[in-house]
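Below is one structure; the comments refer to it alone.
The values are calculated or read from the model by the stated rules, or taken from the named source; none is laboratory data. Since the model is a prediction, treat every value here as computed from it, not as a measurement. No Cβ is skipped: glycine too gets one built from the backbone with ideal geometry, and neighbour counts run over all protein chains shown. Please note that ligands, DNA and RNA were not included when accessible areas were found on the heavy atoms of the full protein model with its side chains. Shrake-Rupley method; radii C 1.70, N 1.55, O 1.52, S 1.80 Å.
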Amino acid sequence: MTQLDSVIKPKTKRSKRFLESRAPKLTEDVKSAMIMKGGNTSLTITQALKDLYSLRKPNAVLYKKKNITRPFEDSTSLEFFSKKTDCSLFLFGSHNKKRPNNLIFGRLFDFHVLDMIELGIEKYVSLSEIKASKCPEGTKPMLVFAGEAFDTDNEHKRLKSLLIDFFRGPTVSAVRLAGLEHVLHFTALDGKIFMRSYRCLLKKSGCRTPRIELEEIGPSFDFVLRRTHLASDDLYKLAHKQPKALKVKKKKNISHDAFGTKFGRVHMQKQDLSKLHTRKMKGLRKRKGEVVTGEQGGQAPKVAKVES
């Protein structure tokens, strides 16, 4: 058992608060990513890691020193740094003759590697090469995936899930219209993955809804899929398991339509309409005395006097 795996009892209030922040929660914090480079890197990989780090700010840690490790052969160092920095995502860059300009996207579950997908950079345009105004730091991007491979192929499905985890940002309840200004577009075509970054420009359209134009701001990547390390179906299902306290309890007799309108069904007992109290009208009241006819009384009916 290593020192990080052992049970640590807090001795001060500060250490107690630190351990409580690392403890499991019903609603977990925003996922952080650690970005590091291997023993051999190129200028392309170094600049690409910096650009991807700028897209992940402030929920990312960038290691500037080289780390001599091979994630597909030994992932203990990644798990060690994950525990140290409390990061569940990682991006590892390396470069060699066999696999030039190599990026490894991965995620961890319970501080153990869950998925790893290796992508090779064939074409790259950095942020600085595209002269355009950039989005502010920490902007939550809109993710768009195009291509049948993301829906049919198992490896591309996991890659889509991994990219969503990596770039999704914090979970928010509402977003204003002006805040929807960053778009990350991923296209799977002919065995390659094309990544483009755009900025939404809201133009005047003459009506309430603005006209939207996309302006490329970078970075731009052309990836090719290389090695993969995918978790088993049972472990993948366990990683997606949610606590019972977070599951929404189904309420009886309540339903929603496609537009989110709430409908309720009310069950009532059979009513006895004879006992139903209605509004009493003056014309339906019973008279106190009976009407006496002329034959029964022997007297002529009285005639009302009319003044002349």
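Of all the residues in the stretch 217-239, those that are of a type in the set (Phe, Trp, Tyr) and over 23 Å from the mean Cα position of the chain (by Cα) number 2.
Looking only at residues in the stretch 143-155 that are within 19 Å of the chain's Cα centre (by Cα) and in a helix (DSSP H, G or I), the one that is farthest from Leu55 (Cα to Cα) is Asp151.
Taking every residue in the stretch 162-180 that is closer than 21 Å to Ile212 by Cβ and pairing it with any residue that is open to solvent by less than 50 Å² (accessible area, probe 1.4 Å) and aliphatic (A, V, I, L, M), at least 6 positions away or on another chain, the pairs with Cβ-Cβ distances below 6 Å are Phe167/Leu184.
Just wondering, is there one or more residues in the stretch 266-284 that are surrounded by 10 or more Cβ atoms within 10 Å (Cβ to Cβ) and either at pLDDT below 80 or out of contact with any helix residue (DSSP H, G or I) (no Cβ under 9 Å at 6 or more places or on another chain) (or both)? No. Open to solvent by 100 Å² or more (accessible area, probe 1.4 Å) and assigned to a loop (DSSP other than H, G, I, E, B), is that true of Ala258? So Ala258 fits the description; yes. Within the stretch 153-176, the residues that satisfy the criterion of being under 24 Å from Asn59 (Cβ atoms) and open to solvent by 40 Å² or more (accessible area, probe 1.4 Å) are Lys160, Ile164, Arg168, Pro170, Thr171, Val172, Ser173, Ala174, Val175, Arg176.
Would you call Gly191 touching a Lys or Arg at 6+ places or on another chain (Cβ under 8 Å) and in contact (Cβ under 8 Å) with a residue 12 or more places away in the chain? No; evaluated as a whole, the condition is false for this residue. Inside the stretch 105-152, residues that are open to solvent by 60 Å² or more (accessible area, probe 1.4 Å) and either free of Cβ contacts under 8 Å to residues at least 40 places away in the same chain or out of contact with any Leu (no Cβ under 8 Å at 6 or more places or on another chain) (or both) make up a count of 15.
Could you tell me whether any residue of the stretch 151-171 is at pLDDT below 90 and either at positive phi or in contact with a strand residue (DSSP E or B) (Cβ under 6 Å, 6 or more places away or on another chain) (or both)? Within the stretch 151-171, one or more residues are at pLDDT below 90 and either at positive phi or in contact with a strand residue (DSSP E or B) (Cβ under 6 Å, 6 or more places away or on another chain) (or both). With respect to the conditions (1) assigned to a strand (DSSP E or B); (2) surrounded by 10 or more Cβ atoms within 10 Å (Cβ to Cβ), Phe263 falls short on a single one, namely (2). Using the structure shown, decide if Ser205 is loosely packed, with under 11 Cβ neighbours inside 10 Å, assigned to a strand (DSSP E or B) and out of contact with any Leu (no Cβ under 9 Å at 6 or more places or on another chain). Answer is no for this residue. Among the residues of the stretch 81-109, the ones that are assigned to a loop (DSSP other than H, G, I, E, B), closer than 17 Å to Phe166 by Cβ and of a type in the set (D, E, K, R) come to 1 in all. Return yes or no: is Val306 at pLDDT below 75, among the β-branched types (Val, Ile, Thr), out of contact with any strand residue (DSSP E or B) (no Cβ under 9 Å at 6 or more places or on another chain) and exposed (fewer than 10 other Cβ atoms within 10 Å of the Cβ)? Yes, satisfied.
Out of Arg227, Arg196, one residue alone is open to solvent by 70 Å² or more (accessible area, probe 1.4 Å) and not in a loop (DSSP other than H, G, I, E, B). It is Arg227. Which of the following residues is under 28 Å from Leu235 (Cα atoms) and not basic (Lys, Arg): Thr139, Thr69? When all the criteria are applied, what remains is Thr69.
Being in contact (Cβ under 8 Å) with a residue 24 or more places away in the chain, more than 30 Å from Cys135 (Cβ to Cβ), touching a His at 6+ places or on another chain (Cβ under 8 Å) and surrounded by 12 or more Cβ atoms within 10 Å (Cβ to Cβ) is the requirement here; does Phe80 meet it? Answer is no for this residue. Residue count for the stretch 20-73 under the criterion of being open to solvent by less than 60 Å² (accessible area, probe 1.4 Å), in a loop (DSSP other than H, G, I, E, B) and within 22 Å of Cys135 (Cβ to Cβ): the result is 2.
Of the residues contained in the stretch 235-245, one or more are found to be assigned to a loop (DSSP other than H, G, I, E, B) and at pLDDT 80 or above.
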